[in-house]
Structure formats: structure tokens, C-alpha cells
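Since the structure comes first, as C-alpha cells, the remarks are kept for the end.
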Amino acid sequence: MTLLSSMYAPAQGLGRLAPLRGDLRARYEAWKVYRTTVRELSALSNRELADLGVSRSGIDEIAREAAYGE
């Protein structure tokens, strides 16, 4: 019986990791939005960026705002 109780004890502790797992997933999704925004804006020409009112140096800030709301 001792063997069974020690086998199931770690499984009960995994429930405490669920919030951490959710937080990591949210951070990963935000990072994907950031990377996609940077990639798409970087692919535009200087003329296209100017039409949008964006400079190349502002791409990082725009992507950060899109992903993290800063």
C-alpha cells in the first residue's frame, strides 16, 4: 500500500502547476503575435511604411504594443 500512495503523491502536486502552464502559454502566444508583427512590418518597403506613418525604427515598438499592450 505504501508503494501506491507514493506513486500517486506526485500526480496530486501537478495540479499546482496548471496556473504556471497557462501563464507560459499566454506568454508564448503574445510572443508569437510580436514576432508575426515584426516579420510582416519588416517585409514592407520604406514607401509602404511611410504610407502607414511608420518608420523602420518604430517597428519594434508597434509590435510590442500589439503583443503586450504596452
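Looking across segment 22-70, the residues that are surrounded by fewer than 10 Cβ atoms within 10 Å (Cβ to Cβ) and of a type in the set (D, E, K, R) come down to Arg47, Glu70.
For (1) of a type in the set (Lys, Arg); (2) at pLDDT 95 or above, each residue gets a yes or a no:
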position: Met7; (1), (2): no, no
position: Leu14; (1), (2): no, no
position: Arg21; (1), (2): yes, no
position: Tyr34; (1), (2): no, yes
position: Val38; (1), (2): no, yes
position: Ala63; (1), (2): no, yes
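The values are calculated or read from the model by the stated rules, or taken from the named source; none is laboratory data. This is a predicted model, so every value here is computed, not measured. Glycine gets a Cβ as well: all are built from the backbone with ideal geometry, and neighbour counts include every protein chain shown.
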